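Undergrad: This is the structure I want to talk about, given as structure tokens.
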């Protein structure tokens, strides 16, 4: 995915100004910043939930899952991840990366010590 001179505003409030960003699909990225700097706007643009005011976004085969996404409690970790990406290799890579192997087949209904955001990949 690549952002080329992307800008976005809401009610004349400029949120993102001429952003250039290239995201390699083989990487794992975390977006951090203070409240109000445009993290959610950037993610919403990536997920095609909103359109940029200016610039271009070149989409690639990326998977996006927001932190407010609700998981299906009767499904296990693997099956929840399969709902957002049917790429089995990618799912197993994330399970290994986040050290979730022991939880791979556990259902959320039976695992109360974990909150949803730990599995929002």
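Undergrad: Within region 83-93, track down each residue that is farther than 13 Å from residue 25 by Cβ, modelled with pLDDT of 80 or more and surrounded by fewer than 17 Cβ atoms within 10 Å (Cβ to Cβ). Steps first, answer last, please.
TA: First, the residues of region 83-93 that are farther than 13 Å from residue 25 by Cβ: 83-84, 86, 88, 91-92.
Applying the additional criterion that residues be modelled with pLDDT of 80 or more yields 88, 91-92.
Of everything in region 83-93, those that are farther than 13 Å from residue 25 by Cβ, modelled with pLDDT of 80 or more and surrounded by fewer than 17 Cβ atoms within 10 Å (Cβ to Cβ) turn out to be 88, 92.
Undergrad: Filtering region 95-105 down to residues that are under 17 Å from the mean Cα position of the chain (by Cα) and surrounded by fewer than 17 Cβ atoms within 10 Å (Cβ to Cβ), which residue is modelled with the lowest pLDDT?
TA: In the first step, residues of region 95-105 are kept if they are under 17 Å from the mean Cα position of the chain (by Cα); the result is 95, 97-98.
Within this subset, residues satisfying the condition of being surrounded by fewer than 17 Cβ atoms within 10 Å (Cβ to Cβ) are 97-98.
On the way: 97: 80, 98: 76.
Filtering first and then ranking leaves 98.
Undergrad: Let me ask something else. Write out, first by first residue and then by second, each pair whose Cβ atoms fall under 9 Å of each other, whose residues are 6+ apart or on separate chains, and whose first residue, in region 14-34, is farther than 19 Å from residue 4 by Cβ while the second is surrounded by fewer than 11 Cβ atoms within 10 Å (Cβ to Cβ).
TA: 28/97
The values are calculated or read from the model by the stated rules, or taken from the named source; none is laboratory data. Keep in mind the model is a prediction, meaning the values are calculated, not measured. Ideal geometry is used to build each Cβ from the backbone, glycine not excepted, and the neighbour counts take in all protein chains shown.
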